[in-house]
């Protein structure tokens, strides 16, 4: 079949062997078209040289075919993995992904401020932004569906893990090994404690209380430096802990750095647990809690697409994903009465 | 001043204290408006409730206000840092950033295939994609400006570092310390050797040849596993090298893992050099070559914006950014005749 000089949508439909309305839906990014069919239609359109202007299309449908993802950072492992999950899901749904880094409250305000002006997306995913009530209310003013990913917001569409249960599980692992002097390192940034941070601390506190053990919580800045600083302090207390639970693998890596420099054995002298199962954890043989980060991204993107397409997700729809406790070689029984001197 | 009920562009201009044409340029994302002025105009527009439809605007200007970034991966450190640089620059220029993960040739083909259909961006940045001539020709068919970031493409707009010179420098560091048995670990993926990889190998080979030293090159898959596997082999050869140059910090981390497990001293028994200065390098006290990744992203985004705005960048415009050699504690003089037995 020779390609018509000025191909029309009906030519695309004929070539792809589908109905005109399916072509229309596929090319404007509407729902209900299987990824495979969408791909065949796009191939047929491309072969024929049929061009649909998304701009013109969006004036008709009122849709842009795009979803914005707001992130506080782009560098850390967590964000790359979550964005990869979102990217795949959005692509399969025929949507484009816009990314905005809003590193501080001012940048977030700027974004929220200018979004109504731009009208360039159909939905917004807030990824690990830890928004407070005022900020969430601001986002609502935009008048677009918002999905919260890696933050539980009561009464709102959100995808998250049960940090409290997972942290309690990790703490019980140490208690079951025979540890009683278990320190917890909590992270605090300029904006305070994150949602994750508060919930993980709760889990540690609950498990310690249930076991009748005395909690010992240190608060430092996040990341490796915070972990190194906290471990330095812990090595100088009167009865050093035999185990340390860091609220993230990054923090745990700082703990391990100090422990190694001091030539203390892990887990002989001190057991260490992190949280995340990031790309460092396996390298350090770190016992940790594995978060399904890519899945969180996929779920958030799927929910955003469904909302745009008028899916039935209720305004308080939420998905709690399972974590997995990963035992490696950084944890073992305590050496009785030896602590750091083991 | 009370906000008018149906604000017009002239109201925005008055409130922001700028000309009508400046408002028009700012709100449609055109060039020549300082970020600060743009922000003031957007604030004034938001305060007045003035809404410009980017879709409608793009039908007039033929511009979308968006730039697409194509990446092979989203997880690795390199991509997060480069995207962060692009994101900041694009935002300051009033542009939105779309991200597409095209992990393999098939996905890249799909993207290229569907792009003319979508007409949703003004320019494309290919980030570390290692495109071959055929793929580059395909990208050209789209009819949009393309900027290559972290790949030098002859006669094309590209942002890159001088991998050959940097690798030669790293090799000379080892030679100057007194090493002569210096192994090089090269990475190969399904699609073959990357542009970076080929150029770095050249630098190593040149420096070794200049010094009259015998090159020893191992080829493994990329990443930590490849490094671990290569180091395993190197520990089993007749006269093990006294120094190892890994083509990336990730590969070097695998080398160090094996070295540590074998309880060999670094740099006593073996010196190790990486490439990238990623977030692991400092943690491992790894001597390495620092790439200005964020700057590469910023330059690429700036070039893309200039091209869209009709800036004067020639079709073969390219920017070569400086690397820095970072000496840490993973390199030192060889122990004479002790090799791995030191």
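The values are calculated or read from the model by the stated rules, or taken from the named source; none is laboratory data. Values in this document were obtained by computation on a predicted structure and should not be read as measured data. All Cβ positions, even for glycine, are placed from backbone atoms using ideal geometry, and neighbour counts span all protein chains on display.
A few notes on this one:
- Unmet requirement for residue A:307, which otherwise passes all of (1) in the same structural domain as residue A:188 (by TED's automatic domain parsing); (2) out of contact with any helix residue (DSSP H, G or I) (no Cβ under 8 Å at 6 or more places or on another chain): (1)
- The helices (runs of 4 or more DSSP H) found entirely in the range A:167-285 that carry 1 or more residues being at pLDDT 95 or above and closer than 28 Å to residue B:263 by Cα are A:223-234, A:249-261.
- Residue B:172 vs. criteria surrounded by fewer than 20 Cβ atoms within 10 Å (Cβ to Cβ) and within 24 Å of residue B:302 (Cβ to Cβ): no
- Residue in the range B:27-47 that is more than 10 Å from every other protein chain (Cβ to nearest Cβ), modelled with pLDDT under 80, out of contact with any strand residue (DSSP E or B) (no Cβ under 8 Å at 6 or more places or on another chain) and assigned to a helix (DSSP H, G or I) present: no
- The lone exception for residue A:277 - which of (1) touching a strand residue (DSSP E or B) at 6+ places or on another chain (Cβ under 6 Å); (2) crowded, with 17+ Cβ neighbours inside 10 Å; (3) closer than 15 Å to residue A:158 by Cα it fails: (3)
- Scanning the range A:316-336 for residues that are part of a loop (DSSP other than H, G, I, E, B) and under 20 Å from the mean Cα position of the chain (by Cα) gives A:316, A:317, A:322, A:323.
- Residue check, residue B:322 closer than 19 Å to residue B:161 by Cβ, surrounded by fewer than 17 Cβ atoms within 10 Å (Cβ to Cβ) and away from every other protein chain (no Cβ under 14 Å): yes
- Some residue of the range A:296-303 being surrounded by fewer than 24 Cβ atoms within 10 Å (Cβ to Cβ), under 17 Å from the mean Cα position of the chain (by Cα) and either without any contact (Cβ under 8 Å) to a residue 60 or more places away in the chain or part of a loop (DSSP other than H, G, I, E, B) (or both): no
- Per the listing B:52, B:81, the residue uniquely modelled with pLDDT under 75 and either part of a loop (DSSP other than H, G, I, E, B) or under 25 Å from the mean Cα position of the chain (by Cα) (or both) is B:52.
- Filter pass, residue B:92 being more than 7 Å from every other protein chain (Cβ to nearest Cβ), over 28 Å from residue B:298 (Cβ atoms) and modelled with pLDDT of 80 or more: no
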